[in-house]
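Written below as structure tokens is the structure these notes are about.
Taken together, the values in this text are just the output of simple stated rules run on the coordinates, not laboratory data. This one's a predicted model, so the numbers in the text were calculated from it and none came from an experiment. Backbone-built Cβ (ideal geometry, glycine too); neighbour counts: all protein chains shown.
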Amino acid sequence: MRRVASRHGASEISLKAVYSVLLLTLIGFACSDGSGTTVIKLAHGLDVSHPVHLAMMRMGEIVADDSGGSVRIDVYPSEQLGTERECVELLQIGSIGMTKVSASVAEAFIPSFKVLSLPYLFRNRQHLFAVLEGDVGRALLLDGQESRLRGLCYFDAGSRSFYTRNQRVNSPADLVGLKVRTQESATAIRMVRALGGSATPISWGELYTALQQGVVDGAENNPPSFYLSRHYEVCRYYCLDEHTSVPDVLLMSTRVWENLDPKVQALVQEAALEAAEYQKVIWAEASDEALAAVEKAGVEIIRPDKAPFEDAVTELIEEYRDQPEIWEWIERIREVESPVVEEQP
């Protein structure tokens, strides 16, 4: 393993996804470039300065280095080939090889991923990583293979919190009547409603304008995304209620995966896990820097009592007792023990 650096069910194919397929026809499909080099195309919607993008670039460097240049990962950021949902659709037909997607968006394709979007399910960050990097997390990564999707690793996406244009949020009561942007996730929509807000699904690329024009009153996301998206220019309040810790997931098309030599499969899998470890480090740094930057820009950082938020979603969690396929995952996650963190002398 490399040393981590201290810095740095299938849905219908949408029209935009069809256009992306035509583009990919021109630039070459995944795993073929005519020169003997195996090329895997990775598309995602994040900015090139985002820690997850940097980690995926690191993964590409590892793959190229360890394969002696015989395998290459070409990365297409910033929704060049479509939104998160559209990129997953392209994975399913094998037009691209990989994509990074939030687990919230992935639940439309892999129903068991709903469990990762449930609020206050993880006791702390140690518990989160014990789940994701243990048997439960590995089982979830492979649970989408019937939908032609294979998970390779998770990327840390921190905790999601509410940010708003004009309303301070100190408790769920302050969300009542506010239009809050959510991801295209049924679980995220139900969570915002349980907390009193009016959930409004909007794509990430359209959110800045929607906030600016008052189409929505706020949104929810982690500190680096809040900062790098420049949403802090419009939203002046950031309430660190930390309601969910939804990870990003690196998915690979099973059609592409199964066409790889087993040695290349092992190389790609190992590179993904190394990149995930690297990303943890730069994510922690980016989160601290983002909070400092938005506060310097005039955003009021609110650190509320989380108990009222947790109480507001208790009934939402209990409703999953009627969905045994999800409740089983909830129980498995609750059974995972949190590692004991030794205090520094």
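Full extension of the segment from Gln212 to Gln265, taken as 0.36 nm per residue of separation minus the current Cα-Cα distance, would add 14.6 nm. Shown for segment 142-198 is the translational diffusion coefficient from the Stokes-Einstein equation, using the Kirkwood radius over Cα pairs, a temperature of 25 °C and a viscosity of 0.890 mPa s: 178 µm²/s. The percentage of C-alpha pairs in segment 93-151 whose separation is greater than 13 Å is 65%.
Among rounded, prolate and oblate, which fits segment 272-327 when a ≥ b ≥ c are the square roots of the eigenvalues of its C-alpha gyration tensor, a/c under 1.5 means rounded, and a/b larger than b/c means prolate? Note, shape of segment 272-327 comes out oblate. Which entries in Lys114/Lys179; Lys100/Lys179; Lys179/Lys306; Lys114/Lys306; Lys114/Lys296 show an alpha-carbon gap greater than 24 Å? Checking Cα-Cα distances, Lys100/Lys179; Lys114/Lys296 exceed 24 Å. Expressed as a whole number of Å, what is the distance separating the alpha-carbon centroids of segment 72-125 and segment 200-248? Comparing the Cα centres of segment 200-248 and segment 72-125, I get a distance of 18 Å.
Let me know the shape class of segment 174-262, please: from the alpha-carbon gyration tensor, a ≥ b ≥ c as square roots of the eigenvalues, rounded when a/c is under 1.5, otherwise prolate if a/b is greater than b/c, or oblate. It is prolate, given that a/c is not under 1.5 and a/b is the larger ratio. Taking a ≥ b ≥ c as the square roots of the eigenvalues of the Cα gyration tensor, segment 36-92 is classed as oblate, since a/c reaches at least 1.5 and a/b does not exceed b/c.
Counting only DSSP beta bridges with both residues in the chain, the antiparallel share comes to about 55 percent.
Note on the chain: along the principal axes its Cα atoms extend 60, 46, 46 Å, ordered by decreasing extent. Listed from fewest to most Cβ neighbours within 10 Å, the set Thr209, Thr200, Thr38, Thr244 follows the order Thr209, Thr200, Thr38, Thr244.
Annotation for segment 197-266: GluC sites (Glu not before Pro) lying in DSSP loop with at most 15 further Cβ atoms inside 10 Å of their Cβ are Glu258.
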